[in-house]
Amino acid sequence: MTTGTPSASRRVRTGTHFMLGNHAVVEGALAAGCSFFAGYPITPANEISEHMAARMPEVGGTFLQGEDELFSVYAVTAASLAGAKAMTATASAGYNYMQEGIEYAVSAEVPCVIVDVQRCRGENYATQADIMQARWGAAGDHEMVVLAPSSVQELFDETIRAFNLAEKYRIPVIVLSETTIALMRENLVIPEPDQIEIVQRARPTQPRDQFVPFAAPPDGCPPLPAFGEGYRILHSINPHDERGGIRWNPDVFDRLYQRITRKVLAHYEDIVKTEAFYLDDAELGLVAYGSETRPALEAVEQARARGLRAGLLKLKTVWPVPEREIGALAAQCRVLFAVEMNIGKYAGEIERVAGGRCEVVRVTKNRGLVHAPGEILAAIEKSLGGR
Amino acid sequence: MSEPKNPLRKYLRPGSLPHFFCSGCGAAQVLNLFTQAADELQLDWDRLLGIGGVGCAARIPVYLDIDAMHGIHGRTLAWATGAKLANPELKVVIFAGDGDAAAIGGNHLIQAARRNLDVTMIVVNNLTFGMTGGQVAPTTPQRSRSTTTPYGNPEEPFDLCRLVAAAGGTFVARTNTYRPRAAVSLLKKALQHEGFAFVEIVTPCPTYFGRKAIGSGDPVRVLQWIEDHSLTLKQAEGQDAEHLAGKFVLGTFVDTRKPVYRGGSLIPAQEVGDA
């Protein structure tokens, strides 16, 4: 161990814990190598800041409480360009403010992780209403990578995955948490440090005079040196050429935006993760994400107990849309059920991907409450009523 | 015979010229003054981080051959805080217009001053929103015309140096581009200061402030107008508020030392004042 490098045991709290979801996010971030966190108070994300404030000094990292969410997201992008793995966390109202910084991170290709603990318009009740903002909140053309954990364990695991994807593709990655899992305590198993896959961003291997800072294959991203290493790079949100110059040129602009969207879409297998439950012979396919996957799975098991061939496709990555998996399910099933806790937003994506290959039934509500399994089962049975 | 080359040209980012500043723009002069100050101090250009937001002054680090961030309005100090704390070895210099620093970024300004963030902030105060077309700014003199105050500005402008001094800035000074040597000297002091160093440079915007507020787009006349409305701290001594209204008092208002900001929490066992 070199001086100043936190020991792995301080960073990674190997063992079995009974832990709060918000704390699991912090432990996941530290396990992934996060050394910079900036946040602003907001419920129900506060335990992330509070736990970061206590833990960061133990690992030699930096914790900041700024004056607002804009400060948080911009401090994080700058810390990342200075070489740190950096994260911020907020809840829906604060997430609004961060969109501008996310746009910067997209355009300047700054690796960072943003946690949004979704809440109901100022009240700390369960919802998934930010699902579209997570995709479309930032201005300008972009792809977003958004992960939707459904448990305390997944908050830990997916936060690590978020850092890995952010570093690998030089992108902001959103961890779309929810009041439900953020404020829930569950068992969490933290593996040994050497059992956790950690990705570090690629750094240039050539000297400055041979390094073109934004040159990359059409579906790739360039290596990223840190500030102070002598590469003297301009990181502008403005459309920039391969050298970082910001003189307007439609072809240069087009090439940049094609590349920063393709670098996400071209790595579908690496980025898009789903889990299948009882899908092999399913003709009734539930599609859900986040905490709604929990009652959805129970509903599937109850339906199976009644002899119905139901199954669940759990989306761990919500953006980009798991089109291959949803599409295959649409081709296989008679009915898909879009289960979510909002007015019915992601349901539109499922309908789009299904493309008329099967019926899509919306099972949605936004009352601050997760669906009860019985409600979902009732929706399944209702859809079969006329048959 | 080859054309003589400006010895400071080596500090400009390769391929970044021609610049986009209007003739007589004060921001371009500040670019020049900064390279002089940095040259005289022999700053390590590999360790420099230049931060610009949005606006004419924000383009200055685009032309400097250093690591730079650019293109977000009002968040220069949030960027500066993140970079400086992630790597305290960096020398962070902010180039902000008055709109960037005092309007959209005003809260960040007072918070960074209060924390005594160890960065140099150069506010290029051209008394207007130049890049967007000459709209009124929080620094536009009262009763002045702008493109959004066609009948005159009813608001009192900010005295940015007083604001930053009150908020806790540890080096606070003002000059103008009529006095280039004084400006270079102040910039050098600011760059050598440990803590929040704030330098306001009153600069001409002939294109908008000049034409709209003082009726002339002639760079020399606008620069002269600024100097005619400037007086030194010594000259201002004993003068009442009425005489000083609409004037730019030039000088160093604060030059003191305080512990610098190192993060949101004392490290365990660290005492206040230990920094």
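Checked against (1) part of a loop (DSSP other than H, G, I, E, B); (2) away from chain A (no Cβ under 14 Å); (3) surrounded by 15 or more Cβ atoms within 10 Å (Cβ to Cβ); (4) touching a residue at least 12 places away in the same chain (Cβ under 8 Å), B:E194 passes all but a single condition, namely (3).
Filter segment A:53-71 down to the residues that are more than 8 Å from chain B (Cβ to nearest Cβ) and crowded, with 24+ Cβ neighbours inside 10 Å, then identify the one that is farthest from A:Y40 (Cα to Cα). By that ranking, first place goes to A:G61.
Selection of helices (runs of 4 or more DSSP H) fully inside segment B:207-275 by the criterion of at least 2 residues being modelled with pLDDT of 95 or more and not small (G, A, S) returns B:219-228, B:233-236. Taken together, the residues in segment B:103-119 that are surrounded by fewer than 24 Cβ atoms within 10 Å (Cβ to Cβ) and among the β-branched types (V, I, T) amount to 2. The strands (runs of 3 or more DSSP E) found entirely in segment A:99-213 include none that carry 2 or more residues being within 14 Å of chain B (Cβ to nearest Cβ), at pLDDT below 95 and farther than 27 Å from A:E292 by Cα. Among the residues of segment A:296-310, those identified as in contact with a strand residue (DSSP E or B) (Cβ under 9 Å, 6 or more places away or on another chain) and surrounded by fewer than 23 Cβ atoms within 10 Å (Cβ to Cβ) are A:L297, A:E301, A:Q302, A:R304, A:L308, A:R309.
All of (1) surrounded by fewer than 24 Cβ atoms within 10 Å (Cβ to Cβ); (2) more than 13 Å from chain A (Cβ to nearest Cβ); (3) at negative phi hold for B:Q42 with one exception: (3).
Given the criteria more than 9 Å from chain A (Cβ to nearest Cβ), surrounded by fewer than 24 Cβ atoms within 10 Å (Cβ to Cβ) and either out of contact with any His (no Cβ under 9 Å at 6 or more places or on another chain) or not in a loop (DSSP other than H, G, I, E, B) (or both), does B:L31 qualify?
The answer is no for B:L31.
For segment A:297-307, the condition of being within 19 Å of the chain's Cα centre (by Cα) and not assigned by TED's automatic domain parsing to the domain that holds A:V199 holds for none of the residues. Is segment A:76-93 home to any residue that is within 13 Å of another protein chain (Cβ to nearest Cβ), under 24 Å from A:S291 (Cβ atoms) and surrounded by fewer than 24 Cβ atoms within 10 Å (Cβ to Cβ)? Looking through segment A:76-93, none of the residues is within 13 Å of another protein chain (Cβ to nearest Cβ), under 24 Å from A:S291 (Cβ atoms) and surrounded by fewer than 24 Cβ atoms within 10 Å (Cβ to Cβ).
Conditions (1) at the interface with chain A (Cβ under 7 Å from one of its Cβ atoms); (2) in contact with a strand residue (DSSP E or B) (Cβ under 9 Å, 6 or more places away or on another chain), marked per residue:
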position	(1), (2)
B:K5	no, no
B:P18	no, no
B:F21	no, no
B:D46	yes, yes
B:D65	yes, yes
B:E89	yes, no
B:D98	no, yes
B:I104	no, no
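Every condition in (1) surrounded by fewer than 16 Cβ atoms within 10 Å (Cβ to Cβ); (2) of a type outside the set (V, I, T); (3) more than 16 Å from A:H240 (Cβ to Cβ); (4) out of contact with any helix residue (DSSP H, G or I) (no Cβ under 6 Å at 6 or more places or on another chain) holds for B:L48 except the one numbered (1).
Here's the yes/no breakdown for (1) buried (at least 24 other Cβ atoms within 10 Å of the Cβ); (2) in contact with a Cys (Cβ under 7 Å, 6 or more places away or on another chain); (3) in contact (Cβ under 8 Å) with a residue 24 or more places away in the chain:
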{"position": "A:P172", "(1), (2), (3)": "yes, yes, yes"}
{"position": "A:I181", "(1), (2), (3)": "yes, no, yes"}
{"position": "A:I198", "(1), (2), (3)": "no, no, yes"}
{"position": "A:A215", "(1), (2), (3)": "no, no, yes"}
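I'd like to know if segment A:220-243 contains one or more residues that are charged (D, E, K, R) and away from every other protein chain (no Cβ under 14 Å). Checking segment A:220-243: not a single residue is charged (D, E, K, R) and away from every other protein chain (no Cβ under 14 Å).
The values are calculated or read from the model by the stated rules, or taken from the named source; none is laboratory data. Predicted model only: the values in this text are computed from it and were never measured. No Cβ is skipped: glycine too gets one built from the backbone with ideal geometry, and neighbour counts run over all protein chains shown.
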